[in-house]
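Structure first, then comments.
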Amino acid sequence: MTTDLRALLLANNVVLGPMAGVTEAPFRAICKRFGCGLTYTEMVSAKALSYNATSRMARILLTLAPEETPCIVQLYGAEPDHMATQARMIAERLGNDVAAIDINMGCPVGKVVGRGEGSALMRTPALARDIVSRVAEASGLPVTVKIRAGWDADSVNAVEFARAMESAGASAIAVHGRTRKQFYTGRADWDVVAAVKAAVAVPVIGSGDVLTAADAKAMLEHTGVDAVMVARGAQGNPWIFREARALIDRGEVLPPPTARERLDMAREHGRALIAYDGERAYKRMRKHVVWYVVGMAGATYFRDRAFKAGSWQELEDLLTEYEEWLRAHPRSRPRPDEASWTL
Ligand SMILES: Cc1cc2nc3c(=O)[nH]c(=O)nc-3n(C[C@H](O)[C@H](O)[C@H](O)COP(=O)(O)O)c2cc1C
């Protein structure tokens, strides 16, 4: 059975973007609960999988939460053989739980592009085409690509490149409107996203600077894309999906989560992550708990201590202490830069 990606995107056009080290399965499950559409795994190296497909890393990266299936599994690499073999392994291992295999053609990290992988593939379109067609053939699954605007401002090629990927067999294209050179700085160019949408017949997912529900609606309207992708806007903020659905579907502006909801979610997220990957996950959880309290009173003091925490228990104790501190320091009105923090 192959999935109808267009139907999945039509059913819910606000998806969670892949973020390495951030969007692990427990967090994706939380985002689903708040109304997110499709989810992507973090990027998984085809080469690493080909050395050891049963390593702890592979197990973690390829674990899908029941709430999120079918999910898009993202592979990165630049060797068609490795990519095709690992795509087949994923199709066999995960079967109908996979909506598509996505090929990462946007990662800007030096180590990755230095091997011709990630966004470097936008400079080798013939190789990128080969990867798409080989992965599609080997896996029998829809193949999607996630690209950037181009390599740098002088070589913005997202439109031609997207057309080439479509003709090689890509079933959908996600485009982040920044160049590789920009990494995550500057503004994403939504006009490039709109141009890609106008150039291909397959569904297009727009990415870049969708940080609020209003941004999600604005990007849909500005670019005409089939779906928008939320990435950094979901950090410490899974509520963004509920807010985006309310705004897009009903024109309704929901109130932001309260401090209690944020602190409770930080605890729930942390416990789920520890259950999923063991105590070692507390290190990865530190940044999440800090994101959950961004904008709240006293958040800077909390952040400094959270980054020093040496166990999940310490983080939980810190959350309790912070909650008590908030209760003892009620403010009738938050400062203009503070989020709602009523306990
Ligand atoms: C910490 C972090 C990790 C990311 N990891 C991936 C990844 O594994 N695969 C990928 O295709 N994009 C990755 N991205 C890019 C995002 O999916 C998204 O396209 C980009 O952040 C732009 O969207 P935003 O402005 O809404 O954050 C990552 C971004 C961040 C901030």
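The values are calculated or read from the model by the stated rules, or taken from the named source; none is laboratory data. Predicted, not measured: the structure shown is a model, and the values here were computed from it. Please note: Cβ atoms are built from the backbone with ideal geometry, for glycine as well, and neighbour counts cover all protein chains shown. These area figures cover heavy atoms from the full protein model, side chains too; ligands, DNA and RNA do not enter into them. Shrake-Rupley method; radii C 1.70, N 1.55, O 1.52, S 1.80 Å.
How much length would be gained if the chain were fully extended between Val294 and Glu279, taking 0.36 nm per residue of separation minus their Cα-Cα distance, in nm to one decimal?
So the extension gain works out to 3.0 nm.
For Ala216, what charge total do you get from the other residues with a beta carbon under 15 Å from its beta carbon, if Lys and Arg give +1 and Asp and Glu give -1?
In short, -2.
From the residues Ser139, Ala11, Pro330, which one has its Cα farthest along the dipole of the chain in the positive direction, the dipole being from +1 and -1 charges on Cβ of Lys/Arg and Asp/Glu about the Cα centre?
The residue sitting most towards the positive pole is Pro330.
In whole Hz, what ³J(HN,Hα) sequence does the range 9-20 give by Karplus (6.51, -1.76, 1.60; θ = phi - 60°), x for Gly and Pro?
Each residue's phi maps through the Karplus curve to give 6, 5, 5, 7, 9, 10, 10, 8, x, x, 9, 4 Hz.
For the range 28-64 and the range 225-258, what is the centre-to-centre distance using only Cα atoms, to the nearest Å?
Rounded to whole Å, the Cα centres lie 23 Å apart.
Could you rank the peptides 290-303, 221-234 by their average count of other C-beta atoms within 10 Å per residue, with the highest value first?
The peptides rank, most packed first, as 221-234, 290-303.
Taking amide hydrogens as modeled 1.01 Å from N in the peptide plane, which residues meet the under 5 Å criterion relative to Arg180, leaving out close sequence neighbours?
Placed amide hydrogens put Gly150, Trp151, Asp152 under 5 Å from Arg180.
Which one, Met229, Ile240, Gly270, projects farthest toward the positive side of the charge dipole computed for the range 180-314 from Cβ point charges (K/R +1, D/E -1)?
Gly270
If R0 is 22 Å, what FRET efficiency do you get for Ser167 and Ala198 from their C-beta distance, rounded to 0.05?
0.85
Which distance in nm do the two modelled labels at Arg327 and Asp191 give, with both placed 7 Å along the Cα-to-Cβ direction?
Result: 5.4 nm between the two label points.
Run the accessible area of the range 101-220 with a 1.4 Å probe and give the carbon-and-sulfur part as a rounded percent.
The nonpolar share, carbon plus sulfur, comes to 54 percent.
Per residue, how large is the accessible surface of the chain? Use a 1.4 angstrom probe and give square angstrom.
Per residue, the chain has 42 Å² of solvent-accessible surface.
Roughly how far apart, in whole Å, are the Cα centres of the range 197-220 and the range 136-161?
16 Å
Note down the nm distance, to one decimal, between modelled labels 7 Å out along Cα→Cβ at Met57 and at Arg93.
Each label point is offset 7 Å from its Cα along the Cβ direction, giving 1.3 nm.
Suppose each label sits 7 Å from its Cα in the direction of the beta carbon; what would the Glu137-Ala246 distance come out to in nanometres?
So the two model labels end up 5.0 nm from each other.
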